[in-house]
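Below is one structure; the comments refer to it alone.
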Amino acid sequence: MSWIREGELNLIERLSANVLKAGPVPKHVAFIMDGNRRFARKKHVDRQEGHSQGFNKLAETLRWCLQLDIPEVTVYAFSIENFNRSREEVDGLMELAKLKFLRLLDEQEKLERHGVCIRVLGDLTLLPLDLQQLIAKAVVATREHKRCFLNVCFAYTSRHEMANAVREMAWGVEQGLIKASDVSEALLSECLYSSNSPNPDLLIRTSGEVRLSDFLLWQTSHSCLVFQSVLWPEYSFWNLCDAVIQYQCNHASITKARELHQDEQCQQQLEADHACVAELLHHHGNGKPADAPRKQEAVTEYGVRRAARVKDFLDALRSKRDTFLTELASQAT
Ligand code: FPP
Ligand code: MG
């Protein structure tokens, strides 16, 4: 099964899609694709077949998202905790991933035609080396595509991602690229694996479980969360429409909460800059208080210098990550 499934909606689906598109449509939807093994048990097929049908459903769901004008999708394909499953199941999931990323490399022309950029979020070093190389090759091959985005979370948990972001900032301080006082919520967001994407508007979990299982904890604090009882391989176009309607019903309060948070972040940054400038003036002004215009000017200058420092650090981080991926990709056979 291909990553991009061709096919049209039928008349009633098309009409419904057009009605939905008259309202606010989420720009980014995240899925916890849960219930593959229960589906396999229900259908009396083996576990691996459940996961394989789970992948087929992912391809179908991506097509529906494009048809609903949803340009970005993030999926939880393999959590770091999934390494604790039986050896047989973990090996089966690694084999499935190898097969699908090889297939992706065969489909480059189609991905280019649709402008699909595939990113993989997670700690690749936890994976077998041949899979790491294959993933890197697939990511490098599609990284210039800009029309739609699929983020595959693989060897991922949110806490691991946040701890990694904190380590990246510590590296920046160690290298003298940023100051400890430049660390902020906004900077941490920029150091996450997901830094190239807006936060998801809508997060959907299937199979009736009502928890986040360490998925995008930082990114979904102002997202609409929808829990659906359907098992992932049985997910339908109508389930997706239902989730989008729930998003539309909550759109106004989500937008308001995001705006409030944005204002709070700006306020926090301003306060941090004021505190740094007060300290500098105290040291350089021999304890003499500076007048208000001088202080304001110093805060503005400090903000400009901080933004330049942060930009250079983020450029260095991006370049470090790009080099890692490009080198891995070049080792792929
Ligand atoms: C959760 O169902 C599903 C997974 C742990 C694997 C999801 C993987 C895919 C859908 C394939 C994606 C592959 C690529 C390469 C993108 P579960 O196993 O927890 O089932 P259960 O909840 O019924 O036990
Ligand atoms: Mg499960």
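Readers should treat all values here as calculations from the given coordinates under stated rules, not as data from a laboratory. The model shown is predicted, which means the values in this text are computed figures rather than measured ones.
Summary table
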quantity: Computed Kirkwood radius, in angstrom, where 1/r is averaged over Cα pairs of the range 266-306; calculated: 10.3 Å
quantity: Kirkwood Rh in Å, taken over the range 54-190 so that all alpha-carbon pairs contribute; calculated: 16.7 Å
quantity: Degrees, to the nearest 10: 47-67 long Cα axis against longest axis of the chain; calculated: 70 degrees
quantity: Tail beyond 18 Å, pair distance distribution of the range 124-174 (Cα, percent); calculated: 50 percent
quantity: Cα-based helix-to-principal-axis angle, 237-284 vs the chain, degrees rounded to 10; calculated: 20 degrees
quantity: Surface/4 estimate of mean projected area, convex hull on alpha-carbon atoms of the range 1-86, nm²; calculated: 7.1 nm²
quantity: Gyration tensor (alpha-carbon) shape descriptor, the range 254-333, a/c threshold 1.5; calculated: oblate
quantity: Computed Rg/Rh of the range 160-257, alpha carbon atoms with Kirkwood Rh; calculated: 1.10
quantity: Sequence-separation-based contact order of the range 31-171, relative, with Cα cut under 8 Å and 6+ spacing, percent; calculated: 29 percent
quantity: Other-chain or far-sequence residues with amide H under 5 Å of LEU231's (modelled H); calculated: SER207
quantity: Angle between the chain longest axis and helix 158-174 axis [Cα atoms, degrees, rounded to 10]; calculated: 30 degrees
quantity: Choice from HIS114, HIS284, HIS222 with maximal GNM fluctuation in the chain (Cα, 10 Å cutoff); calculated: HIS284
quantity: The chain: mean projected area of Cα convex hull, nm²; calculated: 19.8 nm²
quantity: Most mobile listed residue (CYS117, CYS266, CYS224) in the chain, GNM with C-alpha springs under 10 Å; calculated: CYS266
